[in-house]
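To keep things clear, I will list the structure first and then write my remarks on it.
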Amino acid sequence: MPAGLVLVIVVVALLVATLLNADSTLKKSKAKGNGFRQEVAQGVANVSDLFRLNLPRRAIDSAMGRETGPTKGIDELLSEKQASEGTATNGSNSGSNNGSDGPTAPEETTPVLRAPTPDDPLTMWMGGDSVGGSFAVQLEPIAASTGLFDPILDYKVGTGLARPEYYNWPEHFAKDVIPKQDPDIIVAMFGANDDQNLEVDGKVLDKYTPEWFEEYRGRVGKLMDLMKSPENDRLIIWVGVPPPGPQSKIGHMDTINFIFWEEATKRPWVSYLDTWAFMGGPGPNYTYVRDMPTADGKVRNMYQADTLHLATTGAQYLSWATIRHVGEIIDLSASKIPDPPADQAPPSTIVERSELPRTADLN
Amino acid sequence: MLFPTIDFAIFFLVVFVGNWLLRPYRIAWRWFILGASLFFYSYWSWRYALLLVASIVGNWFFGRVIHDALGPDGERTDRSRWLMRAAVVANLLVLGYFKYYEFFAESISARLDDIGIHVSMPTLRVLLPIGISFFTFQAISYVVDIGRAEWRRPMPLLDFAVYLSFFAHLVAGPIVRASEFAWQLDNRPDPRYVEASEAFMLIFRGLFKKVVISSYMATIVDPVFSFPGGHSSWEVLWAIYAYAIQIYADFSGYTDMAIGIALLLGIRFPQNFDAPYRSLSIQEFWRRWHMTLSRWLRDYLYIPLGGSRGTTLFTYRNLFLTMLIGGLWHGANWTFVIWGAIHGLVLVGERVVKQWWAERGAIGLPPQVVKALQWALTFHIVCFAWVFFRAQSFGEALDVFGRLFSSGGSSAAVTTVMIATILLMIASQFVPQRIPEGITVQFSKLAPVIQMAVLGVGIMVVNALGPEGIAPFIYFQF
């Protein structure tokens with residue numbers, strides 16, 4: 001076949017494939033944030049939609065049980081939740097920057113959970129984005145090994161709170177996790193994919209502007225409210241993003257963690273786990289450090305080569321830190337492993353910060 | 001950039017056009033391909049590209065001085081031998097620095113710790129350049145072939161640079177010999193006769209194996225190997241089979257794409273996989289799996305060690321050492337060494353058993369039954385060894401094996417679709433070659449418009465059946 005014809009065949013085939021896959025391409029480009037790629041993908045998706053070329057792919061996705069239609073926004077989900085619980089519509093202070101507002105519902109207290117035993121464990125949901133996944137795949141067996149938890153692993157690569165049109169975590173919690181699994185404890189890690197602009201009603205909010213902070217803080221707070229159980233018997237452990245290293249190509253996780261921490265302090269059912277105190281090297285200015293000492297004094301590599309996702313040792317280390325953190329709230333004395341393995345757990349001398357410093361982005 | 005991505009598609013379209021337009025212009029074409037290849041490699045890190053350039057210059061220089069040190073009739077001299085050894089050592093030092101320093105440092109430190117000696121070995125924190133094992137082996141084959149006077153004409157620097165850096169095989173093989181590549185640089189293929197149908201079929205087959213099959217297998221392999229204790233023995237067993245399929249689909253899929261891409265540019269690579277899971281012995285397996293690595297190990301390790309030119313025990317030693325080092329080549333972890341050792345031991349064992357059976361004659365079973373038993377045994381040995389290849393540690397591998405004999409745990413991932421996929425992939429190893437060749441011929445007879453539609457829909461289906469996001473190729477880490 002002549003090279004010229006080969007070129008035409010390849011180009012046309014790629015064009016055909018691009019048009020047929022337009023929806024999927026747009027979804028993936030949105031997950032990566034705004035930019036030229038997303039604009040191109042949107043244009044292609046518009047053309048594909050105009051000529052109904054996206055229908056075969058939608059049919060395949062539908063047959064495979066993948067979501068194709070519009071999803072519900074977090075405000076709608078929260079309203080539905082509050083309506084079903086018969087609570088007031090302003091149960092959270094989401095949307096406020098100043099951190100001084102508290103919940104307006106009746107006096108909220110730290111959730112009271114029973115002390116788990118091997119005969120009566122607590123259900124623990126764990127997951128989030130891929131960084132959360134790299135951590136939770138080790139938390140799952142470690143939590144199970146204590147005999148006190150029935151773990152549920154649930155993470156999705158490339159997701160977060162910034163792009164609900166790519167993957168709608170609030171809807172997943174509202175429709176799947178809470179009604180079907182009803183976990184006693186939720187251990188969630190998000191944020192690594194949220195270092196990007198936000199889009200609200202077609203308008204782009206540049207990252208770390210006051211409007212961006214208001215919107216992102218609102219999403220975080222509302223998700224925390226969605227996770228709360230009506231009987232206040234569910235504990236949320238919001239795990240901060242570990243300090244990212246130079247190969248990760250992301251930043252501002254200290255800012256994003258500050259938002260998580262600040263929203264958590266307003267909600268007694270949410271407890272923030274200060275990852276940077278465990279993994280950020282010697283304080284007080286915690287930064288990325290690849291190797292950390294475990295309880296036995298040996299220094300071990302905590303990260304995978306991308307300096308963002310946790311290696312097995314790092315995930316085990318953070319998992320035992322999580323168990324320890326939970327143990328400060330719930331009685332875990334019936335654990336089959338009263339003393340965590342010294343070659344996996346963090347040193348007992350590490351103390352989480354009671355207050356996170358306000359970062360320069362927020363000033 | 002990974003092959004099955006939009007970025008690569010755009011890159012390749014540019015390279016395809018440039019390749020065929022510039023092919024009549026000897027020097028310009030070479031510079032264009034070299035530039036494209038360095039761009040491809042720099043996409044990960046420009047620092048890696050500097051290392052590659054250094055390897056190109058260094059090995060080309062070694063090739064020249066080794067050739068100049070040969071005798072007047074091209075015979076080996078002491079000087080040429082020493083220079084060749086220096087070249088090999090230099091390459092291995094570079095590979096060792098990037099790939100093995102931390103592994104050995106941590107291993108030594110751990111062993112000293114065990115006996116109460118606390119030594120803190122300095123850590124280098126170097127990132128492993130992608131594909132370093134592949135282009136280093138290619139460079140070694142070049143200098144050794146010159147040193148053995150098997151390759152009488154050192155390549156010009158530009159040609160050698162194109163050979164070592166050619167993007168299609170740079171990061172995960174096949175390991176192409178200079179003798180297989182050099183003549184193709186001067187041989188100007190006719191742009192009217194591009195082997196497009198064969199290339200399209202290879203690329204599509206590779207895409208399907210990598211994006212659909214390998215990724216699907218990962219849905220059972222990853223959770224089982226992360227946490228064997230949470231899975232039933234039934235699920236662990238199928239995860240072991242699934243990993244055998246996953247690594248085959250991933251690696252052979254990449255190779256198929258590499259061969260197809262090179263073919264579209266008028267370059268033909270050697271075959272790298274030939275239905276390895278139909279093998280009736282481990283010896284046959286290594287004639288069908290990663291064939292270019294097998295022959296590299298044979299020609300540059302097994303034969304220099306002495307090969308079979310000695311006593312039986314000497315041959316067994318060489319076989320075992322070759323497989324042991326071959327295992328280590330795959331990664332800086334003792335699990336790869338164990339994997340290599342298993343293959344080495346079985347290769348030796350096969351020779352022993354073969355000799356034993358030859359002395360005793362037929363065992364009275366029908367030949368088909370014997371073949372079936374041989375196949376089953378070989379396949380399960382390969383799968384058993386793969387567990388060490390996949391596990392992060394020896395303990396993890398033992399955990400996986402331990403679960404095979406334990407009760408309890410989930411079997412949710414062992415669905416009918418999963419079992420059927422694994423069985424179909426195994427069955428595909430026995431499909432006669434004439435069938436895919438026939439499909440290629442039939443495809444080539446289709447009108448171009450139909451070909452466009454078939455390929456476009458095919459890519460859509462692969463994308464739809466695959467996961468969201470492309471995982472890196474398993475062999476990239478080597």
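Only the coordinates and a few stated rules stand behind these numbers; no lab work does. The shown structure was predicted, so the numbers you read here are calculated from the model rather than taken from an experiment. Counting neighbours? That spans all protein chains shown, and the Cβs are built from the backbone with ideal geometry, glycine included.
Structure values in brief
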| item | result |
| --- | --- |
| Cα shape, segment B:309-350, gyration tensor, a/c 1.5 rule | prolate |
| Longest segment of chain A lacking GluC sites (Glu not before Pro) that sit in a DSSP loop with at most 16 other Cβ atoms within 10 Å | A:232-327 |
| Computed lengthening from B:Phe405 to B:Ile435, 0.36 nm per intervening residue step minus Cα-Cα distance | 6.7 nm |
| Antiparallel bridge percentage (DSSP; both residues within the protein assembly as shown; nearest 5) | 30 percent |
| Ranked by how many other beta carbons lie within 10 Å on average, peptides B:345-356, A:109-120 from highest | B:345-356, A:109-120 |
| Per-residue mean of C-beta atoms belonging to partner chains within 10 Å, peptide B:12-24 | 2 |
| Segment A:160-238-segment B:198-269 distance, computed between alpha-carbon centres (Å) | 35 Å |
| Rg in Å to one decimal, and Dmax rounded to a whole Å, for chain A via C-alpha atoms | 22.0, 77 |
| Peptide A:306-318, shielding by other chains (average Cβ, 10 Å cutoff) | 1 |
| Candidates A:Leu78, A:Leu53, A:Leu148: whichever shows maximal mean-square fluctuation once chain A is modelled as a Gaussian network with Cα springs under 10 Å | A:Leu53 |
| Per-q log10 I(q)/I(0), segment A:142-227, q = 0.13, 0.16, 0.17 Å⁻¹ (Debye; single scatterer per alpha-carbon; no solvent) | -0.50, -0.70, -0.77 |
| Cα centroid of segment B:309-385 to Cα centroid of segment A:342-362, whole Å | 52 Å |
| Given charges at beta-carbon only (K, R positive; D, E negative), |dipole| of segment A:182-226 in Debye | 80 debye |
| The protein assembly as shown: C-alpha gyration tensor shape, a/c 1.5 cut-off, then a/b vs b/c | prolate |
| Helical segments meeting 20 Å axial Cα length and Kyte-Doolittle 0.5 threshold in chain A (DSSP H) | A:3-20, A:130-145 |
| Summed residue charge, Cβ within 14 Å of A:Leu139's Cβ, Lys/Arg positive, Asp/Glu negative | -2 |
| Cα centroid separation - segment B:1-36 against segment A:253-296, whole Å | 47 Å |
| Candidate aspartates and glutamates for bridging to A:Lys207, where Cα separation is under 16 Å - those fewer than 8 sequence places away on the same chain excluded | A:Asp194, A:Asp195, A:Glu199, A:Glu215, A:Asp254, A:Asp361 |
| Mean Cβ count within 10 Å, highest first, over the residues of peptides B:367-373, A:338-344, B:38-44 | B:38-44, A:338-344, B:367-373 |
| Average beta carbon contacts from partner chains per residue of B:194-203, 10 Å cutoff | 3 |
| Cα gyration tensor, segment B:316-442 - rounded (a/c under 1.5), prolate or oblate | rounded |
| When each of B:Lys210/B:Lys354; A:Lys28/B:Lys209; A:Lys27/B:Lys99; A:Lys156/A:Lys228; A:Lys203/A:Lys228; A:Lys28/B:Lys210 is checked by Cα-Cα distance, pairs over 28 Å | B:Lys210/B:Lys354; A:Lys27/B:Lys99; A:Lys203/A:Lys228 |
| Relative pair counts by distance (%), Cα atoms of segment B:1-79, 5 Å bins | 3, 13, 15, 15, 15, 13, 9, 8, 5, 3, 0 |
| Rg ratio (alpha-carbon, reference 2.2 N^0.38 Å) - segment A:208-363 | 1.08 |
| Mean Cβ neighbour count within 10 Å, used as a protection proxy, ranking B:232-242, A:241-251 highest first | B:232-242, A:241-251 |
| 10 Å-binned pair-distance histogram of chain B (Cα, whole percent) | 4, 17, 27, 27, 17, 6, 1, 0 |
| Cβ charges +1 (Lys, Arg) and -1 (Asp, Glu), total dipole of segment A:316-363, debye | 40 debye |
| Environment charge of B:Arg23, counting only residues whose C-beta is closer than 13 Å and scoring Lys/Arg +1, Asp/Glu -1 | +2 |
